[in-house]
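Data first, discussion second: the structure below is written as structure tokens.
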Amino acid sequence: MAAGFWSIAQAHGSKRVSASSETVGYATGLLTWVLAGGVFVAAKSAVDEMPSWTLCFWRLLIATMFLLPLVRHHFPDMAAFLRAHGLKALVIGALGLGITQGMMFTAMETTSAVNAGIIFSTAPIITLVMAHFFLDESLGPWQVVGSVVAFFGIVVIAVQGSLAVLLGLDLGSGDLIVVAAAVVFSSYCILLKRAKFTLERLPLLVILLAGGALSTLPFFLYELWNGEHSNLGWNGYLALAYAAIPGGALMYLLYNWSIDILGASRAQGLLYSQMIFTAILAWLILGEAIEWYHFVGAGLIIVGVICVTFLKPKQAPQPVH
């Protein structure tokens, strides 16, 4: 889940810094989303051993500790930033990187990794719709059409292509939690964009990750107090190790690199490959079936994404003063 960097790149704009060939940039970007898809699979594989908020807390804390030495030269800037915007940044990080991920891992208890990966991929669409209402950004007719089409894609997956399930409102709780997590994450993106933080991407990410870890600490302590770690074994530890290091710290570094090479817009455009990689990894590792309604729902979501992302209304020219 490199969602945190996706929103940070959005907030920082689309400045392109050429650091290597485009081929390397695209390969790095795609590897980012392979690793991100693996986080869904790791969380699902350990659902019987590793409590969801425990996984979330330690993933964020370990990723923060791994990234902290890499931003040591930015410590003075980070200290000044925290004095000026610390509470706001920590709250925003708590919402987007703490609560969102905790909800996603909780959803894994009652839904598949395939469903979670596909449904959560609608977060950028939800963000664009929310930006229209809260940031007064343009939302043209194609954005409306795309949002509706993507919504139907979610419905097809949530009801497993069954009209009887839809009419009986017998929706899976896990799928609904994923939708709620996408809305929470979109709120985080809006707040981050409105905040207009000027700190560089990687130091800002470390601060946001710390905010996420702090926000999930009470939930972890509750699970600890409630005795929810009685089944914890090697599978749970391996899932955490993957989610925190290859699927956490390394994933964020690779995404940062891909933005430097490709620019924010093109690097973000690879985001939607995550749903494909998640489905393939879940099929290969967990044996989760990829049903016809996954293809239909994913297809509708992709059409919605194309409408929303690539058919944006033209911005009105700004008056010259």
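Numerical summary
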item	result
Among (1) over 20 Å from A182 (Cβ atoms); (2) in contact with a Leu (Cβ under 7 Å, 6 or more places away or on another chain); (3) buried (at least 18 other Cβ atoms within 10 Å of the Cβ) - the single one T54 does not satisfy	(2)
Selection count where residues are modelled with pLDDT of 90 or more and either within 18 Å of M103 (Cβ to Cβ) or open to solvent by less than 10 Å² (accessible area, probe 1.4 Å) (or both), scope segment 241-258	6
Cβ-Cβ under 6 Å pairs, at least 6 apart or on other chains, segment 267-296 side farther than 15 Å from V41 by Cα, far side part of a helix (DSSP H, G or I) and among the hydroxyl-bearing types (S, T, Y)	A267/S258
Residue match in segment 155-165 (condition: out of contact with any Leu (no Cβ under 7 Å at 6 or more places or on another chain), under 17 Å from T278 (Cα atoms) and crowded, with 22+ Cβ neighbours inside 10 Å)	yes
Single match in T127, T32, T23, T106 (criterion: part of a helix (DSSP H, G or I), modelled with pLDDT under 85 and either buried (at least 24 other Cβ atoms within 10 Å of the Cβ) or within 16 Å of the chain's Cα centre (by Cα) (or both))	T127
Residue within segment 59-73 that is farther than 29 Å from C307 by Cβ, among the basic types (K, R) and surrounded by fewer than 24 Cβ atoms within 10 Å (Cβ to Cβ) present	yes
Filter result for L135 (touching a Lys or Arg at 6+ places or on another chain (Cβ under 7 Å) and either open to solvent by less than 50 Å² (accessible area, probe 1.4 Å) or of a type outside the set (V, I, T) (or both))	yes
Check on H294, of a type outside the set (A, V, I, L, M) and over 30 Å from A158 (Cβ atoms)	no
Which listed residue, of S147, S138, is of a type in the set (S, T, Y) and in contact with a His (Cβ under 8 Å, 6 or more places away or on another chain)	S138
Candidate set from segment 138-154 (those that are out of contact with any Cys (no Cβ under 8 Å at 6 or more places or on another chain) and over 17 Å from G299 (Cβ atoms)); member that is most open to solvent (accessible area, probe 1.4 Å)	P141
L221, sole failed condition from (1) at pLDDT below 95; (2) of a type outside the set (F, W, Y); (3) open to solvent by 30 Å² or more (accessible area, probe 1.4 Å)	(1)
Some residue of segment 192-210 being at pLDDT below 90, acidic (D, E) and either within 30 Å of S162 (Cα to Cα) or surrounded by fewer than 19 Cβ atoms within 10 Å (Cβ to Cβ) (or both)	no
Qualifying residue in segment 112-122 (condition: over 25 Å from Y255 (Cβ atoms), among the hydrophobic types (A, V, I, L, M, F, W, C) and open to solvent by less than 10 Å² (accessible area, probe 1.4 Å))	no
Identity of the residue in segment 259-274, farther than 19 Å from Q101 by Cβ and crowded, with 24+ Cβ neighbours inside 10 Å, that ends up modelled with the highest pLDDT	I259
Of all residues in segment 76-96 being within 22 Å of the chain's Cα centre (by Cα) and open to solvent by less than 40 Å² (accessible area, probe 1.4 Å), the one that is nearest to F57 (Cα to Cα)	A94
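The values are calculated or read from the model by the stated rules, or taken from the named source; none is laboratory data. Worth saying up front: this structure is predicted, and the values here are computed from it rather than measured. Note that we place each Cβ from the backbone using ideal geometry, even for glycine, and neighbour counts take in every protein chain shown. When the accessible area is computed, the model is the full protein with side chains, heavy atoms only, and any ligands, DNA or RNA have been set aside. Shrake-Rupley method; radii C 1.70, N 1.55, O 1.52, S 1.80 Å.
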